[in-house]
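Heads up, the thing below is written out as structure tokens.
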Amino acid sequence: MSMATDFFISRMALEPLKLAERMKEAREVLLGPLKTDIAKTPYEVVYEDDRVRLKYYRPAEVRYNYPLFIVYAQVNRETMLDLQPGRSVVETFLQSGLEIYMVDWGYATRKDRYLTLDDHINGYMNDMVDYVLKKHGVRHLHLMGICMGGTFCVIYAAQHSEKVKNLVTTVTPVNFDTEQSLLNVWARSISPNELVDAYGNVPGDFMNLGFLLLNPARLIIDKYVGFIENVNNRDFVENFLRMEKWIFDSPDLPGETFREFIEAMYFKNLLIKNEYVLGGELVDLKNITMPLLNIYARFDHLVPPEACDKLTSKVGSTDKEDLCLDTGHIGIYVSSKTQKEFGPKIIRWLRERDGAEQAADAETAPAKEQKEKTQEKEEGVSPVMTEPTLTKEQPVKPEKKVKGTPGSAPAPDVKETVKRKTPTKRTKKA
């Protein structure tokens, strides 16, 4: 027998009486009421554009000058950041007084197959950032990205640096020329053209199966044997089922976005080489001059440290920091141990940099106001005809209530739904 088989048998070998007792307890656990809901923190949907939504989470007391805008990957769902009370990044941030806006990419349908990276980054993402800036009356915001969403944020910060006050990247791949990740090897072995031409959108189940099979021994032994060993523990079972619910909630990936990402990143590694062009503009990492916190996981088998740690040496920021945590790709967000390090570190880091330009904003505001008044006078526009600038001290009352989740917190303004009149790639039919 192989070593893996021997290990499997040794893990499963229990005294018959002990096994019978465990199975009896397991029956009571599995047939009883189980709390497996995820993403229970109240939020409000404040912006919608096609399938994409923007969630707003309001803290009991706002303690920051700028909101945090979070971009998750398009593989799996952003609900992982709010898995359950006590293991929720969202909960940790709200307790610190951070206002959170989180992108929900939704579920791609056939009409989304032609959407490109430019559509998502300079289209949907940029429109949502502009919405938040306008509603808060600020020039920039804190930007945080997760995995592929972090790569989106790096590209965005390079092309729209004036809108990003601080950048936080977590398990974010920027260097795809590494053999340390089986994901890199797998991605370079597939044909994105054939896959997209055959399916249109890349099935989420296909992507999910690929991720799971990157480490089959761990999947079978550590995960499912571990479940059997702890099946009589209600807390363990509930946590296990929550993770399973999140893992198998896998939206399809827009075909052209997948094709572009694989070819530009995994095949050519253009981003870290400073050769990637998006929307006709070079993505120059030296344009990233805002403070940067780059966090990754030492035992990440999907996005290893080698895929992340070159970012800080390529950007133009002088205030930059790398942090490598002793955990894995998902554990960095949900591990009870990491929860004590990950969220608190980001909170401290942002708090120290939240008000650095507040004085500068105050100094430029009167000059900007005077300039606008002069321009209005020259154009013959009456001040009473213009809309007042929205600030935290001067909120705009919503004209109607926005339907959100039960018990959801109030949004800063009425939900905005974008309706496009002219056909673009973002509305092209399949």
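The values are calculated or read from the model by the stated rules, or taken from the named source; none is laboratory data. Only a predicted model underlies this, so the values are computations on that prediction, with no experimental measurement involved. Cβ atoms come from the backbone with ideal geometry, glycine included; neighbour counts cover every protein chain shown.
Of note:
- Test: residue in the stretch 115-128 that is in contact with a strand residue (DSSP E or B) (Cβ under 9 Å, 6 or more places away or on another chain), closer than 18 Å to Glu44 by Cβ and outside any helix (DSSP H, G or I): no
- Considering the stretch 139-166, and only residues there that are among the charged types (D, E, K, R) and under 18 Å from Asp284 (Cα atoms), the residue that is surrounded by the fewest Cβ atoms within 10 Å (Cβ to Cβ) turns out to be Glu162.
- For the stretch 303-316, the tally of residues that are in contact with a Ser or Thr (Cβ under 7 Å, 6 or more places away or on another chain), assigned to a loop (DSSP other than H, G, I, E, B) and surrounded by fewer than 21 Cβ atoms within 10 Å (Cβ to Cβ) stands at 1.
- Qualifying position, being farther than 18 Å from Phe299 by Cβ, in a loop (DSSP other than H, G, I, E, B) and at pLDDT 90 or above, among Val174, Val168, Val196, Val154: Val174
- Scanning the stretch 76-110 for residues that are out of contact with any Gly (no Cβ under 8 Å at 6 or more places or on another chain), of a type in the set (A, V, I, L, M) and not in a loop (DSSP other than H, G, I, E, B) yields a count of 7.
- Of all residues in the stretch 279-303, those satisfying the criterion of being farther than 23 Å from Trp349 by Cβ and touching a residue at least 40 places away in the same chain (Cβ under 8 Å) are Gly279, Glu281, Val283, Asp284, His301, Leu302.
- Considered as a group, the residues in the stretch 301-317 that are out of contact with any strand residue (DSSP E or B) (no Cβ under 7 Å at 6 or more places or on another chain) and among the small types (Gly, Ala, Ser) include one that is farthest from Ile288 (Cα to Cα), and that residue is Ala307.
- Each residue in the stretch 324-343 was checked for being acidic (Asp, Glu) and under 12 Å from Phe299 (Cβ atoms), and 1 of them qualify.
- Sole residue being at pLDDT below 85, under 24 Å from the mean Cα position of the chain (by Cα) and crowded, with 20+ Cβ neighbours inside 10 Å, chosen from Leu213, Leu183, Leu253: Leu183
- Residue match in the stretch 112-126 (condition: more than 30 Å from Asp197 (Cβ to Cβ) and out of contact with any helix residue (DSSP H, G or I) (no Cβ under 6 Å at 6 or more places or on another chain)): no
- Contact map, the stretch 158-174: residues that are free of Cβ contacts under 8 Å to residues at least 40 places away in the same chain and farther than 16 Å from Val277 by Cα paired with residues that are among the charged types (D, E, K, R) and in a helix (DSSP H, G or I), Cβ distance under 9 Å, separation 6+ or inter-chain. Pairs shown: Lys163/Asp130.
- Of the candidates Leu94, Leu117, the single residue that is among the aliphatic types (A, V, I, L, M) and in contact (Cβ under 8 Å) with a residue 60 or more places away in the chain is Leu117.
- Residue that is nearest to Ile38 (Cα to Cα) [pool: residues in the stretch 325-334 that are surrounded by 15 or more Cβ atoms within 10 Å (Cβ to Cβ) and of a type outside the set (Val, Ile, Thr)]: Tyr333
- Summed over the stretch 134-150, the residues that are part of a helix (DSSP H, G or I), in contact with a strand residue (DSSP E or B) (Cβ under 7 Å, 6 or more places away or on another chain) and over 18 Å from Pro291 (Cβ atoms) give a count of 1.
- Qualifying positions in the stretch 177-193 - in a helix (DSSP H, G or I) and touching a residue at least 12 places away in the same chain (Cβ under 8 Å): Leu182, Leu183, Asn184, Trp186, Ala187, Arg188, Pro192, Asn193
- Subset of the stretch 265-286 [aliphatic (A, V, I, L, M) and closer than 19 Å to Gly123 by Cα]: Val277, Leu278, Leu282, Val283
- Put simply, of Ile228, Ile262 the only residue that is within 20 Å of the chain's Cα centre (by Cα), in a helix (DSSP H, G or I), over 18 Å from Tyr333 (Cβ atoms) and not polar (S, T, N, Q) is Ile262.
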